[in-house]
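This report refers to the structure that appears directly beneath it.
The values are calculated or read from the model by the stated rules, or taken from the named source; none is laboratory data. Fair warning: this is a prediction, and the values are worked out from it, not measured in the lab. Cβ atoms come from the backbone with ideal geometry, glycine included; neighbour counts cover every protein chain shown. Protein only, heavy atoms only, side chains kept; ligands, DNA and RNA dropped before computing areas. Shrake-Rupley method; radii C 1.70, N 1.55, O 1.52, S 1.80 Å.
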Amino acid sequence: MKNTIKLLALAAAMSLATAASAQQSAGTWLGTLGVNKITPKVDSGDVSAPALPGTKADVGTDTKPRFAIAYMLTDNVAAELDLGLPYKHDLIGDGAIKGTGKLGTAQVLPPTAFVQYRFLPANAVFRPYVGLGLTYAMFQKETGSAQLTALLNTGGPGTTYKLDDKMALSYQIGGTVRINDKWFVDATVIKTKLKTKVSFSTGQTQDVRLDPLAVSVSIGYNFKGF
């Protein structure tokens, strides 16, 4: 009887060890859902003539839900796809027109695909990781304000504008903390090197480097197969 109990205890321990080691091991899917704040680090060019020299722009921050799905190709290498809702950013006067307020708004949807390297063993409580990826920034619903019209087309019809969609490199650093065999907490910081061009209905253009910094915290769930 004692031997039977010992064998059952050993089997249970081995089962738990196997389950723990399965988290973030090869063949595991990792799904995360959380909040993400994007802060553009803007380096603005001037609006082309006949705008006032030094007519620049800044871009405001936005926070939205973030969903990501990753697949462990090996115990240490993963492929991840980041998705979410469109982010809405304010376009704000800067440079020679600093203080003029909001010039417009625009939405951007930036799906990103990463290849990641996750450090430490698959069953580690804390696993830091780094990633390199491609972001495709899709701009939509650009809307100009009355202030933009006053600056670029005084007395004329409302000024509109369009931002060019762009592909950009993204760099990622993050980490996961295991709660149990299925659940974990994920935190990540993503820097994207993004430059785009603004085309106004007046025929003027403006080059803007956005270089957004994204910071997110999520809850995650790992599973094998579908």
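The table for this structure:
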| quantity | calculated |
| --- | --- |
| Segment 181-196 residues near the modelled residue 224 label - backbone nitrogen below 20 Å, point 7 Å along Cα→Cβ | 181-184 |
| By accessible area with a 1.4 Å probe, ligands and nucleic acids excluded, highest first: order of 83, 152, 103 | 83, 152, 103 |
| Accessible area of residue 178 in the full protein assembly, 1.4 Å probe (Å², nearest 10) | 60 Å² |
| Carbon + sulfur, % of accessible area of the chain - ligands and nucleic acids excluded, 1.4 Å | 66 percent |
| Separation between Cα centres of segment 95-128 and segment 130-193, rounded to whole Å | 7 Å |
| Using alpha-carbon coordinates, inclination of helix 2-22 to the longest axis of the chain, degrees | 20 degrees |
| Rounded FRET efficiency, nearest 0.05, which uses the C-beta distance separating residue 73 from residue 160 and R0 of 45 Å | 0.50 |
| Among 202, 177, 158 the positive-end extreme of the charge dipole of segment 152-226 (Cβ point charges) | 177 |
| Residue-normalised accessible area of segment 105-226, expressed per residue, 1.4 Å probe, Å² | 49 Å² |
| Estimated distance in nm for a label pair at residue 199 and residue 63, the labels positioned 7 Å out from Cα along Cα-to-Cβ | 3.6 nm |
| Residue 117 versus residue 177: modelled label distance in nm, points set 7 Å from Cα along the beta carbon direction | 2.5 nm |
| Heavy atoms of residue 213: accessible area, 1.4 Å probe, square angstrom to 10 | 50 Å² |
| Cα gyration tensor, the chain - rounded (a/c under 1.5), prolate or oblate | prolate |
| Fluctuation leader among 36, 180, 76 - the chain, Gaussian network, Cα springs under 10 angstrom | 180 |
